[in-house]
1. Cβ contacts < 8 Å: first residue in contact (Cβ under 8 Å) with a residue 40 or more places away in the chain, restricted to the stretch 73-93; second residue open to solvent by 60 Å² or more (accessible area, probe 1.4 Å) and basic (Lys, Arg), any location; separation 6+ or different chain. Result?
2. Just wondering, is there one or more residues in the stretch 85-96 that are closer than 26 Å to Asn2 by Cβ, in a loop (DSSP other than H, G, I, E, B), open to solvent by less than 50 Å² (accessible area, probe 1.4 Å) and among the aliphatic types (A, V, I, L, M)?
3. Here are some conditions: (1) of a type outside the set (D, E, K, R); (2) closer than 17 Å to Gln86 by Cα; (3) without any contact (Cβ under 8 Å) to a residue 12 or more places away in the chain. Asn15 meets all but one. Which one does it not meet?
4. So which of Lys118, Lys133, Lys129 ends up being basic (Lys, Arg) and at pLDDT below 95?
5. Can you confirm whether Pro18 is buried (at least 19 other Cβ atoms within 10 Å of the Cβ) and assigned to a loop (DSSP other than H, G, I, E, B)?
6. Got a sec? Which of Ser56, Ser27 is surrounded by fewer than 12 Cβ atoms within 10 Å (Cβ to Cβ) and either under 14 Å from Arg99 (Cα atoms) or more than 38 Å from the chain's Cα centre (by Cα) (or both)?
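The values are calculated or read from the model by the stated rules, or taken from the named source; none is laboratory data. Given the structure is predicted, the values throughout are model-derived calculations rather than measurements. Heads up, the Cβs are rebuilt from the backbone with ideal geometry, glycines too, and the neighbour counts pull from every protein chain shown. Each accessible area value is taken on the protein alone, full model and side chains, heavy atoms only, with ligands, DNA and RNA left out. Shrake-Rupley method; radii C 1.70, N 1.55, O 1.52, S 1.80 Å.
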Amino acid sequence: MNAEELARVRRDLENTVPGLELISTSSHSVQVKIRRTDHKQLRLLLMFPEGYPAKSILVEVKSHTLPERVMKLIENISEKEAKKLQGQHQVIAVCKVVRQFLDENMFIVCAAELDAVKNKLMEEGDDIKIRQKAGSFTVKAYKNGYFMAIRLSIDDDYPTVEVKIEMKETNFPRDLAEMFVRQSVEHARRCIVPPVMIKKGDPPFKVRPSILPVAEYLIRDCIKYYPVAKCSICEEQAFPEDPVNVTQNEKSPAYVEYVYCSHVFHHKCLDNYMKTPPFKGGKKCPICGKRIFHEKWKATPELLEQRWAYKQAKDRELAEVSDFMEI
């Protein structure tokens with residue numbers, strides 16, 4: 001490295017590239033630290049081969065936060081830039097390219113999560129569109145004619161801030177799809193916010209990335225599951241085979257009701273079940289045994305017992321009248 005470039009690096013580099021800290025310089029190498037956020041930072045070692053600058057510098061990237069393949073990608077981009085500048089000063093230009101890469105690629109901190117979404121959750125026919133600069137991607141997943149398109153977005157503070165979720169399009173019943181989104185928001189929140197009650201012996205809470213947990217819930221547990229889920233009472237398929245036949249009428253016998261344990265029921269099946277004994281301790285889901293809570297069935301077990309007793313008494317009165325009329 002010639003003295004002129006070395007002097008310029010020492011004088012101008014930190015003021016030229018935002019977030020750059022000059023660690024060391026010598027006639028053999030320059031080492032810098034470039035930071036955009038806590039999770040987007042790296043060390044860049046630029047080594048000068050014999051014959052530099054006629055030959056391009058060699059680049060080595062190290063980071064405790066970026067995936068290995070992202071570091072290799074940065075090395076490749078940096079060395080390509082250096083080759084364009086053979087015969088010229090290369091250090092500042094390469095550092096600018098690295099900073100630009102950090103600025104324009106929001107998903108480098110969650111590359112492994114995106115890979116898992118594409119390779120483990122998505123099936124043939126599903127689609128994903130990624131907008132790196134905007135920090136968002138849209139997944140459109142299908143199952144038996146049912147589909148949902150969801151946009152997930154992150155900001156610079158990810159993963160210490162949870163992923164944002166927005167439903168773009170669906171042919172699931174609107175209230176059920178909105179519930180999917182509300183539950184996915186809760187999944188994301190639990191990745192960031194510690195529980196109110198921590199059980200004795202549990203490890204200390206640690207913030208964790210939220211893209212994959214949210215995608216697993218939405219794609220695997222919702223979009224791929226509910227089109228083939230069965231009613232927990234009659235054990236017939238809950239949704240019609242053709243999405244065109246899905247009813248939005250909440251009082252229709254075939255309307256699909258969702259309860260907080262995640263199981264589904266036909267409206268008529270659940271209505272009959274909730275109004276039939278036993279009532280003690282509340283009605284339990286036949287599948288998982290958890291108590292059923294639902295906005296449409298809020299009566300207490302005591303009130304349900306009274307209503308049932310009244311109905312039985314009325315039925316007996318009607319039966320007695322019918323017997324009397326037949327005499």
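1. Listed by first residue and then by second, the contacts come to His89/Arg8; Ile92/Arg8.
2. Taking the stretch 85-96 and keeping what is closer than 26 Å to Asn2 by Cβ, we get 85-96.
Retained after the next criterion (residues that are in a loop (DSSP other than H, G, I, E, B)): 85-90.
Keeping just the survivors that are open to solvent by less than 50 Å² (accessible area, probe 1.4 Å) gives 85, 90.
Next, from what is left, pick out any that are among the aliphatic types (A, V, I, L, M): 85.
Yes: the stretch 85-96 contains one or more residues that are closer than 26 Å to Asn2 by Cβ, in a loop (DSSP other than H, G, I, E, B), open to solvent by less than 50 Å² (accessible area, probe 1.4 Å) and among the aliphatic types (A, V, I, L, M).
3. Evaluating Asn15 over (1) of a type outside the set (D, E, K, R); (2) closer than 17 Å to Gln86 by Cα; (3) without any contact (Cβ under 8 Å) to a residue 12 or more places away in the chain leaves (2) as the failure.
4. Testing whether each residue is basic (Lys, Arg) and at pLDDT below 95 leaves just Lys133.
5. On the way: buried (at least 19 other Cβ atoms within 10 Å of the Cβ): no; assigned to a loop (DSSP other than H, G, I, E, B): yes.
The answer is no for Pro18.
6. One residue alone meets the criteria, Ser27.
Conditions (1) loosely packed, with under 14 Cβ neighbours inside 10 Å; (2) in a helix (DSSP H, G or I), marked per residue:
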{"site": "Gly125", "(1), (2)": "yes, no"}
{"site": "Ala149", "(1), (2)": "no, no"}
{"site": "Met167", "(1), (2)": "no, no"}
{"site": "Gln183", "(1), (2)": "no, yes"}
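One line per residue, one yes/no per condition, for (1) at pLDDT below 90; (2) in contact with a strand residue (DSSP E or B) (Cβ under 9 Å, 6 or more places away or on another chain):
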residue	(1), (2)
Ser262	no, no
Phe265	no, yes
Cys269	no, yes
Ala299	yes, no
Leu303	yes, no
Gln306	yes, no
